[in-house]
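Reading through the structure tokens given below for one structure.
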Amino acid sequence: MPKSPKKNSRFKSDPKAAREASRYDSPIPSREFIIERLDSLGRLINLEEIAKEFKLTSDQDREALRRRMRAMERDAQVIRNRRGDYGLIDRMDLIKGRVIGHADGFGFLVPDDGGDDLFLHAKQMRMLFHGDRALAHVSGIDRRGRREGAIVEVLDRNTQRLVGRVRCSDNGVITLAPDNKRIAHEILIPQESVGGARDGQFVSVEIIEQPSRRSSPVGRVIEVIGDHMAPGMEIDIAIRAHDLPMQWPADVLTQIEPLKDKVTAAAKRQREDVRDLPLVTIDGADSRDFDDAVYCKATPNGWRLMVAIADVSHYVRPGTALDAEAMSRGNSVYFPERVIPMLPEILSNGLCSLNPGVDRLCMVCEMTINREGQVTRSRFFEGLMKSHARLTYAQVAAMLVDKDKKTRDEHEALLPALDELYRLYKAMRKARAKRGAIDFETTETRIVFSQARKIEKIVAVERNDAHKVIEECMIAANVATARFLNRHKLPTLFRVHEGPKPEKLEDLREFLKERGLSLSGGATPEAHDYAKLLKRVIDLPEAHLIQTVLLRSLSRAAYTPDNIGHFGLSHEEYLHFTSPIRRYPDLLVHRAIRFHLRKQALKKQGKNTTPRSLASTGGMRYEHDVMASFGEHCSMTERRADDATRDAVDWLKCEYMMDKVGEVYDGTITSVTSFGLFVELRDIYVEGLVHITALHSDYYHFDPAGHRLNGERTGKIYRLSDPIRVKVMRVDLDERKIDFELEDSVTAKKNDKRPNEKRSKKKRSGSRRRRSRSSKRKKEGET
């Protein structure tokens, strides 16, 4: 039991003496007190001198001080030089930050304090991996005006495992070529650490020696993943390369072992029974976990909308092994035809999934909505439901939009509620437009596999009104939940989306000005300003280009306990409530709702409402700093999932294109950079690069505000969203890169063997023919 602070405090002037005394029987000076003393001394001193400063004489105290100084060193509060003297980093003009590597060997140090990045030469990167935290000083300014950095010390090693391909050289040296292209090192693998891996195979290695100035990193094979091009290899690599948790820990398996597929009688007690209401799930045809169901009924003044969400918080309690693993995963990861779930299958596809015809626990958001599509009142309750049907978007669209008689007859009992849901949706869409929410039209794709798991084709996912019906219902429930938790001052994670940054806004305005357009709203435009502009340009030939530029001016959404609103949806309060099976932030939101509901219930019964009593029921109130940590972690796991799925999809697309080298396709420029054009092939949805060196006969200059490359001599312009015709020149599966060249550039190179004069004539006539063909294509509507 900790002693009283007063009795044990030996350092009266220590600002944190009470804290230290409450933690330790024999406290030593706090970190804050040590920093204060070092700062006042104004010089570097060794460990012996620090001990004398604080009159620490016993071996126990000196050992505790040594450990504290090493911990402060690890946390970059102090630094120890070669002579063993300690000094304050903040007084040494040293910069702490995280390292971002580049495939070409150089890198950047991104400062913790948010200042300008430091450029790190390849020589500096020899001792670093991408993601390491390091301490550096400014060593100079390069010819491009960038600050150059020199590494003083590596503070924290980020990379302990890597995935890549084994390379066996003729002289017997074995290395690993990392799959992560931000890591330019080759990892040496000793003969005794190969683990039976063969040349060219993908493996996972454990780093047993980190890189240094004088030596390469060394690794040991811990898993042979498989052969290059094996079916499913792309997902196995992405999982390991991004360190996605895949195996369930033993304590999680022990915890879920008693669970069965049926809800127990005890769990059903003290819940509002809504099993008689025709709640239905509406999802994609290939969905397996159903976490939301809807029901709608007309009222004299509008509608009553009920959104029932799987009650995951009943099964995943705070402080359990299952909760820790769900938090670690952060979200489910959806690969083509494979899912890495946030929760074990007994929950994600079983007890928590709102499968048809079975009893399920749910958290219900019931909303009263007026004729204008605005939520006027809402209430939340813990419910017991039974889904009356598992419907797909295609079925619902057939019933509500196409009025398909056969489909409507098959679901006759559900039609009254579904028809009202569609009427409600139309009112909500009008309210959305009036509110000024931004509607960007983007194309989602789906990969279609053969039985051998090779890509047959890539198709666009059709988005119909049924998708939008569910989207509006979920948005309404999320907003109502955010208002509910805000009103009751419960800490939670908001889903926030900031407006455009000043520099992005400046580039956007310059781009629009060239086209005689403007964005209203001044220095702080709002969503309705974007929506108004989108509506104005919808019929212009450049509509897609303008939408793309507007979209790229916005930030990425994130999770945080600080409510700053959702710019894109034009809501002042917004969070995620509707998918707790696959997102941890939603689970935290459910816990906050449960906390309040249980607290109110106990109050009505005149019982104790302390946090301890509520914790036993599954509710838990988190403090702001804990929520902030959850928000950072969940935003990271979301990015991690996106990066992993993108890697897998890029691999599959490269594999699909490998036998199409030499073929010519129509495409659209999807991105313009200083080094070339990214082009997406029309109707194939595969993207590749036309490198700037492949743009012949001119010097091209990058205009970032205009999103274009401008030809210096010819005046030729390649601009974002322009149609373009390209030839597939190279596919690199390991690099996940596809190289294109312009069709006319390929022709020009073939004719480049002629004498100069004849070549010039040929090029001029070829240009005329190309212009003629281009005009013909325009007349025929091909462009």
The range 321-347, subset at pLDDT below 95 and in a loop (DSSP other than H, G, I, E, B), residue most open to solvent (accessible area, probe 1.4 Å) | GLU337
Scan (1) assigned to a helix (DSSP H, G or I); (2) open to solvent by 20 Å² or more (accessible area, probe 1.4 Å); (3) of a type in the set (D, E, K, R); (4) in contact (Cβ under 8 Å) with a residue 12 or more places away in the chain for the single condition ARG379 breaks and write down its number.
-> (1)
Looking at (1) of a type in the set (A, V, I, L, M, F, W, C); (2) modelled with pLDDT of 95 or more; (3) touching a Leu at 6+ places or on another chain (Cβ under 8 Å); (4) loosely packed, with under 14 Cβ neighbours inside 10 Å, find the lone condition where ALA413 falls short.
-> (3)
Looking only at the range 382-415, which residues are over 32 Å from the mean Cα position of the chain (by Cα), assigned to a helix (DSSP H, G or I) and not polar (S, T, N, Q)?
-> ALA398, MET399, LEU400, LYS405, LYS406, ARG408, ASP409, GLU410, GLU412, ALA413, LEU414, LEU415
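Quick grid of which residues meet (1) modelled with pLDDT of 85 or more; (2) touching a Phe, Trp or Tyr at 6+ places or on another chain (Cβ under 9 Å); (3) open to solvent by 20 Å² or more (accessible area, probe 1.4 Å):
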{"residue": "ASP61", "(1), (2), (3)": "yes, yes, no"}
{"residue": "GLY87", "(1), (2), (3)": "no, no, no"}
{"residue": "ILE95", "(1), (2), (3)": "yes, no, yes"}
{"residue": "ILE100", "(1), (2), (3)": "yes, yes, yes"}
{"residue": "ASP104", "(1), (2), (3)": "yes, no, yes"}
{"residue": "PHE108", "(1), (2), (3)": "yes, yes, yes"}
{"residue": "ASP117", "(1), (2), (3)": "yes, yes, yes"}
{"residue": "MET125", "(1), (2), (3)": "yes, yes, no"}
{"residue": "HIS130", "(1), (2), (3)": "yes, no, yes"}
Filtering the range 308-317 for residues that are open to solvent by less than 30 Å² (accessible area, probe 1.4 Å) and over 16 Å from GLY357 (Cβ atoms) leaves a count of 5
Are any residues in the range 348-357 open to solvent by 10 Å² or more (accessible area, probe 1.4 Å) and out of contact with any Asp or Glu (no Cβ under 6 Å at 6 or more places or on another chain), and if so, which ones?
-> ASN355, PRO356, GLY357
Take the range 737-746 and flag every residue that is out of contact with any strand residue (DSSP E or B) (no Cβ under 6 Å at 6 or more places or on another chain) and open to solvent by 40 Å² or more (accessible area, probe 1.4 Å).
-> LYS737, ASP744
Would you tally the residues in the range 140-182 being in a strand (DSSP E or B), under 29 Å from the mean Cα position of the chain (by Cα) and polar (S, T, N, Q)?
-> 0
Out of (1) more than 29 Å from the chain's Cα centre (by Cα); (2) within 30 Å of GLY350 (Cβ to Cβ); (3) part of a strand (DSSP E or B), what's the single condition that is false for ILE447?
-> (1)
If you go through the range 315-337 one residue at a time, do you hit one that is under 20 Å from VAL280 (Cβ atoms), among the acidic types (Asp, Glu) and in contact (Cβ under 8 Å) with a residue 40 or more places away in the chain?
-> no
Residue, surrounded by the fewest Cβ atoms within 10 Å (Cβ to Cβ), within the range 261-307, restricted to residues that are closer than 23 Å to VAL461 by Cα and among the hydroxyl-bearing types (Ser, Thr, Tyr) | SER287
All positions within the range 620-644 that are buried (at least 18 other Cβ atoms within 10 Å of the Cβ) and either at pLDDT 90 or above or hydrophobic (A, V, I, L, M, F, W, C) (or both) | MET620, MET627, PHE630, GLY631, CYS634, SER635, THR637, GLU638, ALA641, ALA644
Quick one: what pairs do we get from the range 60-75, first residue closer than 21 Å to ASP132 by Cα, second among the hydrophobic types (A, V, I, L, M, F, W, C) and outside any helix (DSSP H, G or I), C-beta under 6 Å, 6+ apart or different chains?
-> MET72/VAL78
Looking only at residues in the range 245-260 that are of a type in the set (D, E, K, R) and assigned to a loop (DSSP other than H, G, I, E, B), which one is farthest from ARG360 (Cα to Cα)?
-> GLU257
Go through the residues of the range 506-523 one by one and say whether even a single one is of a type outside the set (S, T, N, Q), in a strand (DSSP E or B) and in contact (Cβ under 8 Å) with a residue 24 or more places away in the chain.
-> no
Failed item in (1) open to solvent by less than 50 Å² (accessible area, probe 1.4 Å); (2) in contact with a Ser or Thr (Cβ under 8 Å, 6 or more places away or on another chain), with LEU689 passing the rest | (2)
Which of the residues that make up the range 163-187 are open to solvent by 70 Å² or more (accessible area, probe 1.4 Å) and under 25 Å from ALA122 (Cα atoms)?
-> ARG167, ARG182, GLU186
Take the range 348-376 and flag every residue that is outside any strand (DSSP E or B) and touching a strand residue (DSSP E or B) at 6+ places or on another chain (Cβ under 6 Å).
-> CYS352, LEU354, ARG371
Got at least one residue in the range 79-100 being over 27 Å from ARG37 (Cβ atoms), of a type in the set (D, E, K, R) and touching a Leu at 6+ places or on another chain (Cβ under 9 Å)?
-> yes
Checked the range 724-739 for anything more than 25 Å from LEU540 (Cα to Cα) and not in a loop (DSSP other than H, G, I, E, B); matches are VAL726, LYS727, VAL728, MET729, ARG730, VAL731, ASP732, LYS737, ILE738, ASP739
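The values are calculated or read from the model by the stated rules, or taken from the named source; none is laboratory data. Given the structure is predicted, the values throughout are model-derived calculations rather than measurements. So basically every Cβ, Gly included, is an ideal-geometry build from the backbone, and we count neighbours across all protein chains shown. With ligands, DNA and RNA removed, areas are computed over all heavy atoms of the protein, side chains included. Shrake-Rupley method; radii C 1.70, N 1.55, O 1.52, S 1.80 Å.
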